[in-house]
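Input: a single structure, listed below in structure tokens.
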Amino acid sequence: MASNTAPLTAAPLTADSSTASSDAAVRVRGFSRRFGDVTVLRDLDLDIAPGEFVALLGRSGSGKTTLLRTLAGLDAAPAEQVSTPGARAVVFQEPRLLPWKKVWRNITLGLKGGRTRLQATAALEEVGLGHRVDAWPATLSGGEAQRAALARALVREPQLLLLDEPFAALDALTRLRMHQLVLSLWRAHRPAVLLVTHDVDEAIALADRILVLADGRLAVEEKVALARPREAGPEFQALRRRLLGHLGVEQPLPRDTAPLTFIPPAAGLRPGWNRPAAVNGHAVNGHAVNGHGGHNGVLNGGAHHSAPLGGGLS
Ligand SMILES: Nc1ncnc2c1ncn2[C@@H]1O[C@H](COP(=O)(O)OP(=O)(O)O)[C@@H](O)[C@H]1O
Ligand SMILES: [Mg+2]
């Protein structure tokens, strides 16, 4: 994966790398990226407004990390095609803390000045890790390590925060807590955010706008007008179904529209024509579905999903 080759710290943060115009945090025009014969990003356009929270979905290998690395400045791009703020920070799926440096020194890696411990302490307090300033990374839980990675991003006061599946390796409860934390940090600091995720529910819970990357382009845009905190009501479900459809994930049909299936006598059930249940936890079309008539919206590759969907997304 491309992200494995990225530096351990956030993207270069020099002010002179700022090329964004004042009315957009990110502006991409006609950007293409090839690896050998393979075109991963094709004539791509993207705008992110200052302070906007955008989620990016797409199948595994669709180029999400490639786009994020480009916006982070980790891959070179022509300035006339890709403009971003100078102050950027990245959080990856793995926290990338240097094990031989205490947590606070990891937070301020690369920062200059005599106030770095104070800065680190403030950022760690903001993510609820004020008591772990002098801890070694190996003693942190997965959630704590990822909060430390968020603190490392925060201390750089980014105008653009790039998150590449940052919660994918966390358990469900920790992930929900991280969602709340990211939202509160975003409200307090108002960076533009690009969150790459394979979790449709996560995208809907957090983002102002959701994009789907397919065939090298941003094929779908959905604005999320729901008030936060977002509960899984009818609008949430409808948006989730649309997004999963865009991602090519087979959807269980509502019970009254599901196709009739013949149940043979040998099946141990009452034989005859019947509709497969899309509710009550039965399997539909080979997918386990939960009691809400659908899976949990997580698309393969997370450590936390309950329904194997095989969508090939990461
Ligand atoms: N440095 C690289 N060299 C060659 N191919 C790459 C490199 N980085 C990514 N790719 C290829 O580009 C495609 C998109 O990768 P990536 O952006 O990591 O996808 P995603 O994050 O959506 O899963 C994949 O086919 C991947 O193998
Ligand atoms: Mg990726």
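Throughout, read-outs are computed from the coordinates displayed, never taken from laboratory work. No experiment lies behind these values; they were computed from the predicted model shown. Here Cβ is always computed from backbone atoms with ideal geometry, including for glycine, and neighbour counts include all displayed protein chains.
Summarising the amide proton neighbourhood of residue 214: residues at separation of 5 or more, or on other chains, whose placed amide H is nearer than 5 Å comprise 219. Label sites at residue 23 and residue 75, each approximated as a point 7 angstrom past Cα along Cα to Cβ, lie 2.9 nm apart. The label-point distance for residue 135 and residue 115, in a model that sets each label 7 Å from Cα toward Cβ, rounds to 2.6 nm.
Shown here for the range 113-155: trypsin sites (Lys or Arg not before Pro) in loop regions (DSSP other than H, G, I, E, B) with at most 13 other Cβ atoms within 10 Å, namely 115. Taking a straight line from the alpha carbon of residue 102, these lysines sit under 30 Å away, with near neighbours fewer than eight places off in the same chain left out: 112.
In terms of packing, defined here as the mean over residues of other Cβ atoms within 10 angstrom, the peptides 163-171, 37-45 line up highest first as 163-171, 37-45. Qualifying chymotrypsin sites (Phe, Trp or Tyr not before Pro) in the range 82-147, where qualification requires a DSSP coil assignment and no more than 15 other C-beta atoms within 10 Å, comprise 100. Sites listed here are GluC sites (Glu not before Pro) in the range 191-232 whose DSSP assignment is loop and whose Cβ has at most 14 other Cβ atoms within 10 Å: 231.
On a per residue basis, the convex hull of the C-alpha atoms belonging to the range 2-230 measures out at 121 Å³. In this structure, the amide hydrogen of residue 91, modeled 1.01 Å from its nitrogen in the peptide plane, lies closer than 5 angstrom to those of 162, 163, 164, counting only residues at least 5 positions away or on a different chain.
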